[in-house]
Structures are given as structure tokens and as C-alpha cells.
Amino acid sequence: DQQVKQNSPSLSVQEGRISILNCDYTNSMFDYFLWYKKYPAEGPTFLISISSIKDKNEDGRFTVFLNKSAKHLSLHIVPSQPGDSAVYFCAASARKNSGGSNYKLTFGKGTLLTVNP
Amino acid sequence: DAGVTQSPTHLIKTRGQQVTLRCSPKSGHDTVSWYQQALGQGPQFIFQYYEEEERQRGNFPDRFSGHQFPNYSSELNVNALLLGDSALYLCASSSRRLAGDGTDTQYFGPGTRLTVL
């Protein structure tokens, strides 16, 4: 039962263009969403998060959009750089059902982003 | 400021053996969560420790157990190892005391690669 789905195993874009990574979820109790980036032989690195009370959050080149009615979120990277090449994981949690904090994260399978020079 | 550290980096065991993995949280963090990442999959939540007690648990058998020490560091123990336990084991730390406004984001260590032969 995959509650968080990243349907694109891989994505290839040209340097300077926009990268759009997508994520769908099925659990309506999820109210907090995060994106992590992972390089080989390293642990996941936190990128950006969004609460369900918002529909957009921006941090530098990274923007996350949340469409609650569609249970869909996306991560936009503009402009894409070769150093962005990594596996990107979408994660979700049900904060309200976890005592308000330090919730368990449910991850998708990840999308391998390759940014070509 | 040291981030999350894990030891050992790699480990090879045989079926039926027992293994102990170790994690030191990021400075100022009091909560440790453990995740298992199988090849080609996203991380899966094993359990979470706070104030030296297991607070949440994922769908893992009792062969998986843990401990948290007064200095907030943690151990993951796996008994009666199976071939299917081969995976990357990730530790994540966060702060329950500072939870709220995004400060309860989980930060991951580099992981321990366990191979069971």
C-alpha cells in the first residue's frame, strides 16, 4: 500500500531549465510534506517543506506547490544546475495524529534527476 | 556543529546473527528515528525514540529493537538476521522541545549499509 507515490523513476533536464518533480499521496490525514535530496553514499538532505494550510512555499531556487484537492504536490527547481543531479524523495506525515510533532515520515520511492550541462 | 553521525559505515553479517547500529543526533536534538531503505525504495520508518522510550513504531517485527541513552544517542538492534534485512539503515534526529514552525524537521545521517549473506 503505497501512500506516497512518485510515478516518475527518472527525469532528465538541461542546465538552466526548470525541473518539475511530482508526488501524489492517498492518505487524507497527511498534513505536512517535505522534499529530500539524496546523493549516493549520503543520507537524505532536507530541501523544503510545506504545511497543508499553504499551497506554495519558496526557498531560493526551490518551490513546492501543494494541491490538496488533487492530493498532489510538486517541486520546481529553477534554474536547474548540474549539482542538482540526485535522487529526490517526497515525504509526508500526519502531524495532528502524531502528538503535534516528531511525526513519522512516509516516503515515496524517489525520482532520479539528471541535469545535463 | 556536527550533524547526525552513524557507525559503522558498512557491515557484513551472516543469516541468524545479530547486529547493533549506532547513531548520534545533531547537537540540540532530543529525538531519534530509524528508517530502513531497501534498494530502489524510499526509506521506511522503523521506530522513534524520545526520552529513552520508544514513542512510535512502524511495521517491523520484534527482531528490530532499539535504545536511547541519556545523551540522546541511540542504537538499533536486529536479531536473527535474514537476507531481506540487507539495506541502508538511516538515523534521523529532530527536536521535540523546539517543535513547531518547521524546527521539528528530521535531519538524516549518512546511513549504515548492512549486507546479510
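The values are calculated or read from the model by the stated rules, or taken from the named source; none is laboratory data. Since the model is a prediction, treat every value here as computed from it, not as a measurement. Glycine gets a Cβ as well: all are built from the backbone with ideal geometry, and neighbour counts include every protein chain shown. Keep in mind that these areas ignore ligands, DNA and RNA; they rest on the heavy atoms of the full protein, side chains included. Shrake-Rupley method; radii C 1.70, N 1.55, O 1.52, S 1.80 Å.
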Note to self: Over the Cα atoms of chain A, each weighted equally, I'd like the Debye log10 I(q)/I(0) at q = 0.17, 0.23 Å⁻¹, rounded to two decimals.
What the structure shows: -0.79, -1.37
Notebook entry, point to check: Per-residue mean of other chain beta-carbon atoms within 10 angstrom of the beta-carbon, peptide A:43-52?
Noted result: 4
Next item on the list: Check the straight Cα-Cα distances from A:Lys54 and name the lysines below 17 Å, setting aside those fewer than 8 residues away within the same chain.
Entry: A:Lys68, A:Lys71, A:Lys96
Next item on the list: Evaluate the relative contact order of region A:32-101 (contact order divided by residue number), counting alpha-carbon pairs under 8 angstrom at least 6 apart; express in whole percent.
Entry: 34 percent
Next item on the list: Please give every one of the aspartates and glutamates within straight-line cross-link reach of B:Lys26, meaning a C-alpha to C-alpha distance under 20 Å, and leave out same-chain neighbours fewer than 8 residues apart.
Entry: A:Glu42, B:Asp1, B:Glu51, B:Glu52, B:Glu53, B:Glu54, B:Glu75, B:Asp101, B:Asp104
Check: In straight Cα distance, which aspartates and glutamates are under 12 Å from A:Lys5, not counting same-chain residues fewer than 8 positions off?
Finding: A:Asp24
Check: Taking the Cα centre of each part, how many Å lie between region B:47-71 and region A:9-66?
Finding: 28 Å
Margin query: What does the buried accessible surface come to for B and A, summed over both chains, with the probe at 1.4 Å? Round to 100 Å².
Written below: 1700 Å²
Item checked: Calculated Rg and Dmax of region B:5-116 using C-alpha coordinates, Å -> 13.5, 44
Note to self: What do you get for trypsin sites (Lys or Arg not before Pro) in region B:5-60 restricted to DSSP loop and a cutoff of at most 16 other Cβ within 10 Å of the site's Cβ?
What the structure shows: B:Arg15
Next item on the list: For an R0 of 45 angstrom, estimate the FRET efficiency from the Cβ-Cβ distance between B:Asn71 and B:Arg15 and round to the nearest 0.05.
Entry: 0.85
